[in-house]
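I have placed the structure first, in the form of structure tokens, so that the comments after it can refer back to it.
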Amino acid sequence: MNHRQIFQVATLFAALLSAQAFGIEPDMPGSKDHPGFPRVEGTRIVGYSLAEYDVGGFVSEMVDGERIVLNPEGKRTRIMYVGRDTQSTLQIIRNYQKALAEFGDYREVFACQTLECGQSIAGRFVWAKENRIPTISQFWKHLYGVTSYYKTPKYIYGTVVKDDKQYHISVFSAFAIRSPNGIQNKPTVHIEIVEEEDFESDLVFIDATAMSAEIAERGSIALYGIQFDFDSAALQANSDDTIAEVAKALNADPALSIYVVGHTDGEGAHAYNQALSENRAKSVVEELVNGHGIVAERLAAVGVGQVAPVASNDTEEGRELNRRVAIVKR
């Protein structure tokens, strides 16, 4: 370890000792506040998730006890804070309402409190299994998991327009009364922020020459320019250019035979994804045969579903990379 590394470690150790001396526990490693929305003083981060592009979830109203949920897409930040035992959930909510109004043109869409928030929004939505985020708390199952462990729950959802960008923000806060040590008798805060934007793919178009070179070198190539309708094997029109390049590569090498391999992301049951990926591969084969005159005997459709990911299925970016069609030399 060099002098600089020793200094950095010593500085970090001193900071931790100082924090402990003043009763301040450190934030979750790798976490940070959203740059537009500072934390309430005295709170610390115990859970954190950041996705460059994902779908959010915001309760916009309650109708006959049922949640109406909006799902905007964009950069998604979720942060879990724990506050001091002297802070109330009302104090926390008022702080965020003030911060949102100061940040830009704020419009509050929905707000609720007490039983309605605790049962319908806490355990069944904000901290439902599909919405849970990584946390340093060893008692993560208790975070909103049992609503009788909490009192005075409050939830707000609103939008902010700033610099021609729209933000969706929700804040849920509840006071823990029966949770384990570290959380008990303290307010918890869960905020979600989606910076709304249209999805822009950063996948590169691959022409026939590049396909042939990659197949010759590696024996296969992953193609992202072949797109399907949602939950379907129907090819989208924007797939035509990439399929035409596959046909050109095959025509340039009459001896080449290929597997067309369909891949899905990890959402859904394995058996279903297996069938979907195979049907998608068959759609590509049919287009190559019927639309481009490729001899059927040179092509074989294979579906492998979700069993060969190239990225994590925990984020939308990873799932996008896993949804692909591969061309494999036979």
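Output the pairs from LYS32/LYS186; LYS75/LYS129; LYS154/LYS186; LYS129/LYS154; LYS75/LYS151; LYS165/LYS186 with a Cα-Cα distance over 23 Å in this structure; if there are none, say none. Can you show the working numbers first?
On the way: LYS32/LYS186 21 Å; LYS75/LYS129 21 Å; LYS154/LYS186 14 Å; LYS129/LYS154 20 Å; LYS75/LYS151 31 Å; LYS165/LYS186 34 Å.
From the list (LYS32/LYS186; LYS75/LYS129; LYS154/LYS186; LYS129/LYS154; LYS75/LYS151; LYS165/LYS186), the Cα-Cα distance tops 23 Å for LYS75/LYS151; LYS165/LYS186.
Restrict the search to the stretch 166-265; then list the GluC sites (Glu not before Pro) that DSSP places in a loop and that have at most 16 other Cβ atoms within 10 Å of their Cβ. Intermediate results must be reported in sequence, preceding the final value.
Numbers: sites: GLU192, GLU195, GLU196, GLU197, GLU200, GLU214, GLU217, GLU245; in loops: GLU197, GLU200.
Hits after loop and neighbour filter: GLU197, GLU200.
I want the local charge near VAL289. Using Cβ-Cβ distances under 12 Å, sum +1 for each Lys or Arg and -1 for each Asp or Glu among the other residues. Don't skip to the answer; put the middle values down first.
Working: positive: LYS282, ARG298; negative: GLU286, GLU287, GLU297.
With Lys, Arg at +1 and Asp, Glu at -1, the neighbours total -1.
Calculate, for LYS165 and LYS32, the FRET efficiency according to 1/(1 + (r/R0)^6) with r their C-beta to C-beta distance and R0 22 Å; round to the nearest 0.05.
0.65
Got a sec to turn the phi values of the stretch 75-90 into Karplus ³J(HN,Hα) couplings, 6.51 cos²θ - 1.76 cosθ + 1.60 with θ = phi - 60°, whole Hz, x for Gly and Pro?
Rounded to whole hertz, the list is 5, 10, 10, 10, 9, 10, 10, 10, x, 8, 5, 8, 8, 9, 5, 5.
Among residues other than GLY47 whose Cβ falls under 11 Å from its Cβ, what is the net charge (Lys/Arg +1, Asp/Glu -1)?
On the way: positive: ARG44, ARG78, ARG132; negative: ASP27.
So the surrounding residues net to +2.
Please report, in cubic angstrom per residue, the volume enclosed by the convex hull of the alpha-carbon atoms of the stretch 25-196. Please report the intermediate quantities before stating the final value.
Working: hull volume 17.7 nm³, N = 172.
Considering the Cα atoms of the stretch 25-196, their hull volume per residue is 103 Å³.
Can you compute the FRET efficiency between PHE230 and ALA308 using 1/(1 + (r/R0)^6), with r the Cβ-Cβ distance and R0 = 30 Å? Round to the nearest 0.05.
0.90
What net charge do the residues around TYR150 carry, taking every other residue with its C-beta under 12 Å from that of TYR150, with Lys and Arg at +1 and Asp and Glu at -1?
Working: positive: LYS151, LYS154, ARG178, LYS186; negative: none.
Its environment carries a net charge of +4.
With just the Cα atoms defining each centre, how far is the stretch 185-259 from the stretch 274-316? Give it in Å.
Taking the Cα centre of each part, the stretch 185-259 and the stretch 274-316 sit 11 Å apart.
Values in this text are rule-based calculations from the coordinates and carry no lab data. Bear in mind that the values here come from a model prediction, so they are computed numbers and not experimental data. Neighbour counts are summed over all protein chains in view; Cβ atoms, including those assigned to glycine, are modelled from backbone coordinates with ideal geometry.
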